[in-house]
Amino acid sequence: MAHEVMVGDRWADIAVASMSTAWNYGEGWEDALIEAYGVEPDRERLSYYRDLWNAT
């Protein structure tokens, strides 16, 4: 069986992971998770990938 590995925009993962902080820990943890990735929040990409996630 062949396994395929794909590389995508990390914001796709960060968007969903940061949404899940509210589900799992309550409001106020989103920016802490994004900072732990060592990046500045990209609100446009976060919004795009969250909308995409919620559309499926």
For this session: Kindly provide the helix-only [θ] at 222 nm of the chain, computed as the sum of -39,500 (n - 2.57) over DSSP H runs of four or more divided by all residues, to the nearest 500 deg cm²/dmol?
Result: -20000 deg cm²/dmol
For this session: Could you rank the peptides 14-25, 34-45 by their average count of other C-beta atoms within 10 Å per residue, with the highest value first?
Result: 14-25, 34-45
For this session: Leaving ligands, DNA and RNA out of it, report the carbon-plus-sulfur percent of the accessible area of the chain at a 1.4 Å probe.
Result: 52
For this session: Specify the angular offset, from 0 to 90 degrees and rounded to the nearest 10, of the alpha carbon long axis of helix 10-25 from the longest principal axis of the alpha carbons in the chain.
Result: 50
Problem set entry | Estimated distance in nm for a label pair at Ala36 and Ala12, the labels positioned 7 Å out from Cα along Cα-to-Cβ | 2.2
For this session: Give me the angle, in degrees from 0 to 90, between the Cα long axis of helix 43-55 and the longest principal axis of the Cα atoms of the chain, rounded to the nearest 10.
Result: 60
Exercise. Just the C-alpha atoms of the chain: what Rg/Rh do they give, with Rh taken as the Kirkwood radius?
Worked result: 1.04
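The values are calculated or read from the model by the stated rules, or taken from the named source; none is laboratory data. Everything quoted here is computed from the prediction, not taken from an experiment. We place every Cβ from the backbone using ideal geometry, glycine too, and count neighbours over all the protein chains shown. In case anyone asks, the SASA skips ligands and DNA or RNA and just uses the protein heavy atoms, side chains included. Shrake-Rupley method; radii C 1.70, N 1.55, O 1.52, S 1.80 Å.
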